[in-house]
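Notes follow once the structure below has been shown.
The values are calculated or read from the model by the stated rules, or taken from the named source; none is laboratory data. Computed from a predicted model, the values in this text were never measured in an experiment. FYI the Cβ positions are ideal-geometry reconstructions off the backbone, even for glycines, and counts take in every protein chain you see.
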Amino acid sequence: MTLEDRLILLLARGRLPPPLAEEARSLLARPLRWDRVLQQARAQEVYPLVHRNLRALDPPGIPADFRAALDTLAKINALRNTLLAEELSSVLERLAVAGIPAAPLKGVT
């Protein structure tokens, strides 16, 4: 497993426990192929988690272009999620008006 893959594996979680945060910090102090980190985070669709955990760790030395690209992806994802939540709300409202009971099972809470 590459350093980049291990970093993504560590950061692609909702909660980063202290021992794993320390391991991530250790990896972040090493030379990394940031283009690979971004490519793999996108390919695995875990970039929102990677973004959130990197922001929480706030390590020095992250290249500005990588940070900007990840910030942009996170903003686009947040906007997409907002639009999907609004659409779901609209659909649920129309179903309720029609007397059709419905409840989302996954995703928006």
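Here is how the numbers come out for the structure above:
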{"quantity": "Output for the range 46-64, where each listed residue is modelled with pLDDT of 95 or more, more than 12 Å from Leu11 (Cβ to Cβ) and not aliphatic (A, V, I, L, M)", "calculated": "Pro63"}
{"quantity": "Hits in the range 43-75 - residues which are among the aliphatic types (A, V, I, L, M) and without any contact (Cβ under 8 Å) to a residue 40 or more places away in the chain", "calculated": "Ala43, Val46, Leu49, Ile62, Ala64, Ala68, Ala69, Leu70, Leu73, Ala74"}
{"quantity": "Extreme residue, surrounded by the fewest Cβ atoms within 10 Å (Cβ to Cβ), among residues of the range 55-66 that are of a type outside the set (Asp, Glu) and touching a Phe, Trp or Tyr at 6+ places or on another chain (Cβ under 9 Å)", "calculated": "Pro63"}
{"quantity": "The range 98-107, subset aliphatic (A, V, I, L, M) and loosely packed, with under 11 Cβ neighbours inside 10 Å, residue nearest to Pro48 (Cα to Cα)", "calculated": "Leu105"}
{"quantity": "Candidates Arg25, Arg30, filtered to the one that is in a helix (DSSP H, G or I) and touching a helix residue (DSSP H, G or I) at 6+ places or on another chain (Cβ under 9 Å)", "calculated": "Arg25"}
{"quantity": "Single match in Leu95, Leu83, Leu79, Leu20 (criterion: surrounded by 15 or more Cβ atoms within 10 Å (Cβ to Cβ), of a type in the set (A, V, I, L, M) and either part of a helix (DSSP H, G or I) or under 17 Å from the mean Cα position of the chain (by Cα) (or both))", "calculated": "Leu20"}
